[in-house]
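Let me begin by presenting the structure, written as structure tokens, before commenting on it.
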């Protein structure tokens, strides 16, 4: 079991752009790991962690960015909810991979770390 208090304290030491970059990296990992059915537990863990990252970050973000993050958090919750029934379906995993890749890019752009 992860110690979310320690993770939160460490995560919040970073500036907002770096936190968004960390979230984008997690989404990129989901994209990569979703391609293999054996990575279900790992993807679930990354989804959980990403939801926490959003919770800890959205309050410090501009309203438009916060709204985008909340939308992403809802999407992650949907993936998690459907995971038990759909994970063995390669088409479903491909959709998660594609969507998480798109979200990763969007969050990375929003972070400003690319420019």
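Which order do the peptides 84-90, 100-106, 27-33 come out in when sorted by mean C-beta neighbours inside 10 angstrom, highest first? Show your work: numbers first, answer last.
Details: 84-90: 12.1, 100-106: 18.0, 27-33: 21.0.
The peptides rank, most packed first, as 27-33, 100-106, 84-90.
So how long is each side of the chain along the principal axes, counting just the alpha-carbon atoms, biggest first, in Å?
Principal-axis extents of the chain (Cα, largest first): 38, 32, 20 Å.
One-quarter of the Cα convex hull surface for segment 1-44, in nm²? Walk me through the numbers on the way to the answer.
On the way: hull surface 13.9 nm².
In nm², the orientation-averaged hull projection of segment 1-44 is 3.5.
FYI, it's all coordinate maths here, none of it is from the lab. The structure presented is a predicted model; accordingly, all values stated were derived computationally and were not measured. With ideal geometry, Cβ positions are generated from the backbone for all residues, glycine too; neighbour counts draw on all protein chains shown.
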